[in-house]
Amino acid sequence: MEKRATMVDVAELAGVSQATVSLVLNGVANARISRATRRRVLESAEALNYRRGKAHPVPEGRQRVIGLFLDEVSTTPFAAQFIEGARDEAALQDVSVAVFCTRSDPALEQAAIDLLVAQKTIGIVYASLMTRQVTVPEAFSELPLVLLNCFEKKLRYPSVVPGDVVGGYTATRALLKAGHRRIAHMAGEYFVEAAVDREKGYRQAMAEAGVAIDEDLVQQGGWSIRAGRERAAALLALPNPPTAIFCFNDRMAIGCYEAARKLGMAIPQDLSIMGFDNEDLAANMDPPLSTVILPHDEMARWAVAELLDSYSGADQDERLQKVKFECELVERDSIAALRE
């Protein structure tokens, strides 16, 4: 009997992630997927005679529930995106998501694990609001596990993180394309992996363009509006100030707007600004902020699909992977061509 094609087979043929296949084949609204990618997925599914249905078999006796562990819930939108993405992907397979905010407290984690094990649930998605390396407690080995927005040095579990290096590169390239050469970077705190990676992408783009970096234009430390305002004021007070600023996140970009306007500068005519994260507020700024998307919704979908696939009989070594999701550029009105 010929083996029935799965979403994994479609993803491999189309050259995309399983989460992307799920989004396309299930007709999820508002998914950020290009027409070309959608067409490629549909053509691959047709070529493989893929039939939609229960693509992720769950053995009898397992409760159709997944535990989503969050280390924090904050004022950023990231926790909501993780929860919504996980919930939406799980719902496609008639699976529910139970959310536990444990703050990485071992006692709280153990209590939640005991509950999930006793109920014979499907498994656990272990998420961090901050992209970082983690050491997963051994207690989590009692159920199938996937890491979301975090990873272990030794690949014991599948993991998914954003491609922050490429995101920083893409953001900087947009400013270079507009003709800017004195491009400043307001970096985050270096203990945050995303800050290190986004600066790495910035430096790669500048080097590729043959533009020497004035280290006075690299301001490190912070992620708040206040930090953005203070660092932007320092940059704009330089004898030879930047014509464009790439910010670690959108909140620092808000601070840039405030500092520039205090000096009577117009955005983007006098100063181009690029953010990162694509928080909801970015589209509502004046002018709307150019930024880079953190694909947390799609990452959560991938994590759930990967967890469900742990019951498909796939080789364990093949599943031990660290996947990076593309951070897409959103060009709005905060960037203008450099004026001569």
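For the reader, a short list of remarks on this structure follows.
- The relative contact order of region 145-207, computed from alpha carbon pairs under 8 Å that lie at least 6 residues apart in sequence, is 35 percent.
- Sulfur and carbon atoms: percent of accessible area, the chain [1.4 Å]: 50 percent
- In this structure the amide hydrogen of Leu145, modeled in the peptide plane, comes within under 5 Å of the amide hydrogens of Ile124, none closer than 5 places in sequence on its chain.
- Applying both filters, DSSP loop and at most 11 other Cβ atoms within 10 Å, to the trypsin sites (Lys or Arg not before Pro) of region 64-131 gives Arg103.
- Sites count as exposed loop sites when they are chymotrypsin sites (Phe, Trp or Tyr not before Pro), lie in a DSSP loop, and have at most 12 other Cβ atoms within 10 angstrom; the longest stretch of the chain without one is 1-189.
- Residues of region 167-186 with amide N under 12 Å of a point placed 7 Å along Cα→Cβ from Ala209: 169-185
- Sites listed here are GluC sites (Glu not before Pro) in region 167-248 whose DSSP assignment is loop and whose Cβ has at most 15 other Cβ atoms within 10 Å: Glu189.
- Applying the Karplus relation 6.51 cos²θ - 1.76 cosθ + 1.60 with θ = phi - 60° to region 94-106 yields 3J(HN,Hα) values of 6, 10, 9, 10, 9, 9, 10, 9, 9, 6, 6, 6, x Hz, where x marks Gly and Pro.
- Rg and Dmax of the chain, based on Cα coordinates, read 21.8, 75 Å.
- Cα point-scatterer Debye curve for region 190-239, base-10 log of I(q)/I(0) at q = 0.20, 0.22, 0.31 Å⁻¹: -0.82, -0.94, -1.13
- Karplus-derived 3J(HN,Hα), 6.51/-1.76/1.60, for each residue of region 180-189, Hz, glycine and proline x: 6, 10, 8, 9, 8, 10, 9, 7, x, 6
- Mean separation of Cα contacts under 8 Å, 6 or more apart, over the residue count of the chain: relative contact order %: 19 percent
- Rounded FRET efficiency, nearest 0.05, which uses the C-beta distance separating Lys322 from Asn284 and R0 of 41 Å: 0.75
- Using θ = phi - 60° and Karplus 6.51 cos²θ - 1.76 cosθ + 1.60, couplings along region 247-256 (whole Hz; Gly, Pro as x): 9, 4, 8, 5, 5, 5, 5, 4, x, 4
- Calculated SAXS-style log₁₀ I(q)/I(0) at q = 0.11 Å⁻¹ - region 183-340, Debye, Cα scatterers: -0.49
- Pairwise Cα inverse-distance average, inverted: Kirkwood Rh of region 118-173 (Å): 12.8 Å
The values are calculated or read from the model by the stated rules, or taken from the named source; none is laboratory data. Quick caveat: nothing in here was measured; it's all calculated off a predicted structure. Here the Cβ is made from the backbone with ideal geometry for all residues, glycine too, and neighbour counts use every protein chain on show. Note: areas computed on protein heavy atoms with side chains; ligands, DNA, RNA excluded. Shrake-Rupley method; radii C 1.70, N 1.55, O 1.52, S 1.80 Å.
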